Amino acid sequence: MQMGYAETVGTNRKPRGLGRRMINSWVPYSYIAPFYVLFLVFMAFPILFSFYLSFQSWDGLSAMRFSGLANFTRIAQDPVFWTALYNTLFIGVVAHIPMLSFALIVAFILDSGFIRFRHFFRTIYFLPVVASSVAISLVFMNVFGFRGGLINLIIMAFGGERINWLGGQGEWVRTVIMTVFIWRWVGWNMVIYLAGLQSIPNELYDSARIDGASWPQVLFRISLPLIKPVVLFSFVLSVVGTFTLFDEPFVLAGLEGGPNRMGLTLMVYLYRNAFRFSRFGYASSIALVIMLLTIIVAVMNIRFFREKV
């Protein structure tokens with residue numbers, strides 16, 4: 001009887017160690033396993049392989065050849081890369097000022113209750129975000145068409161001359177890309193700002209109204225100071241979006257970036273080297289440089305805004 005009792009106690013004893021606990025808890029781990037498998041296969045491995053490939057010379061078919069820092073030296077001496085970098089920064093800086101400002105104003109108006117059907121307008125402003133970027137770019141390509149484009153028809157109706165938005169010397173290509181970029185992402189930033197504004201207590205707005213504050217004073221004295229962390233968050237996302245801008249310039253300006261490469265961005269140049277000229281090692285080095293530039297600019301903005309916050 002004593003031996004049987006001891007054996008029973010021994011069999012009911014809980015296993016020790018992390019490994020045994022994981023084996024006995026395989027059901028919850030099996031639920032989260034697909035995420036980690038997909039992450040390792042489609043994200044972690046491509047990132048690590050791209051880092052390895054940036055130090056190689058490879059056309060996708062022949063054997064890889066170790067090239068050391070040759071790809072990065074080539075980037076420093078590549079005038080097309082610097083043109084693409086300038087275009088990317090120009091589009092990012094110029095486009096984000098009106099985009100973020102307009103998104104903030106729209107979010108403030110929708111949160112203040114000045115207008116009716118607020119939920120309807122929120123949906124309307126957010127629709128471009130869920131639409132296909134390629135489809136949007138194709139629509140705007142027709143809107144800015146040279147002969148039958150809507151914008152040129154309006155200009156000619158008022159007695160002006162049509163503008164070759166996507167041709168000529170390329171002086172208007174970046175304007176078209178920025179217009180599409182702003183139109184598409186205003187709604188996204190509006191939703192982020194709206195979430196921040198709705199977290200502000202209504203008592204502050206009520207006190208401001210009692211004191212006779214106007215809506216610009218409420219915006220700049222109450223709303224903006226309290227949602228600075230939200231503004232920082234949206235600005236960092238915008239920085240990432242700037243360096244990964246691809247769909248709009250690719251559809252509107254093509255792989256060459258339009259006339260004089262005025263619409264060539266870093267991501268289009270990366271795609272051009274990888275899938276047109278099969279320079280996968282050089283394209284991977286460009287991807288690594290883009291990642292480093294994104295991190296540097298994002299950290300600079302975080303430190304700058306952290307002092308303000």
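The numbers here are math on the coordinates, done by the rules we state, and not lab data. All values derive from a computational prediction rather than experimental measurement. For neighbour counting, all protein chains shown are included, and Cβ atoms are generated from backbone atoms with ideal geometry for every residue, glycine included.
Want the number for Asn260 to Gln198: 0.36 nm per residue separation, take away the alpha-carbon distance, what's left?
Values: separation 62, 0.36 × 62 = 22.32 nm, distance 4.60 nm.
Using 0.36 nm per residue and subtracting the Cα-Cα distance, I get 17.7 nm.
Ratio to report: Rg/Rh of segment 15-71, with Cα atoms as the point set and Rh obtained by the Kirkwood method; give two decimals. It would help to have the intermediate numbers written out before the result.
Values: Rg = 19.0 Å, Rh = 14.5 Å.
Result for segment 15-71 is an Rg/Rh of 1.31.
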Work out, step by step, the length gained on full extension between Glu171 and Val139: first 0.36 nm times the residue separation, then minus their alpha carbon distance; give nm to one decimal. 9.5 nm
Along the Cα→Cβ direction, 7 angstrom out, place labels at Leu292 and Trp82. What is the inter-label distance in nm? 1.7
Taking H placed 1.01 Å from N in the peptide plane, check which residues at least 5 places from Gln56 or on another chain put their amide H under 5 Å from its amide H. Ser67
Computed lengthening from Ile154 to Ser207, 0.36 nm per intervening residue step minus Cα-Cα distance: 14.4 nm
Out of Val230, Val134, Val41, any idea which swings most in a Gaussian network model of the chain, alpha carbons joined below 10 Å? Val41
Spin-label point model (7 Å from Cα, Cβ direction): what's the Ile47 to Val94 distance in nm? 3.3
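For an R0 of 35 angstrom, estimate the FRET efficiency from the Cβ-Cβ distance between Ser278 and Arg162 and round to the nearest 0.05.
0.35
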Mind checking the dipole of the chain: about its Cα centre, +1 per Lys or Arg Cβ, -1 per Asp or Glu Cβ, Debye to the nearest 20? 680
If we count trypsin sites (Lys or Arg not before Pro) as exposed when they sit in a DSSP loop and have at most 14 other beta carbons within 10 Å, what is the longest stretch of the chain that avoids them all? 148-275
With point charges of +1 on the Cβ of Lys and Arg and -1 on the Cβ of Asp and Glu, referenced to the Cα centre of the chain, which listed residue (Gly60, Ile290, Phe181) lies farthest in the positive direction of the dipole? Gly60
For Thr265, Thr83, what's the fewest-to-most ordering of other Cβ within 10 Å of each Cβ? Thr83, Thr265
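At a 10 Å Cβ-Cβ cut-off, how would you order Val93, Val236, Val27, fewest neighbours first? Kindly include the intermediate steps, with their values, before the conclusion.
Working: Val93 10, Val236 17, Val27 7.
Fewest to most other Cβ atoms nearby, the residues stand as Val27, Val93, Val236.
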Integer Hz, Karplus 6.51/-1.76/1.60 couplings in order for segment 122-131, x for Gly and Pro: 4, 5, 4, 5, 8, 4, x, 5, 8, 6
Please list the radius of gyration and Dmax for the chain, considering alpha-carbon atoms only, with Å as the unit. 27.0, 108
For a quick check: sort His119, His96 by the number of other beta carbons within 10 angstrom, fewest at the front. His119, His96
Report the calculated FRET efficiency for Phe120 and Ile302 (r = Cβ-Cβ distance, R0 = 41 Å), to the nearest 0.05. 0.70
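If you wrap a convex hull around the alpha carbons of segment 151-293, what volume per residue comes out, as a whole number of Å³?
Considering the Cα atoms of segment 151-293, their hull volume per residue is 153 Å³.
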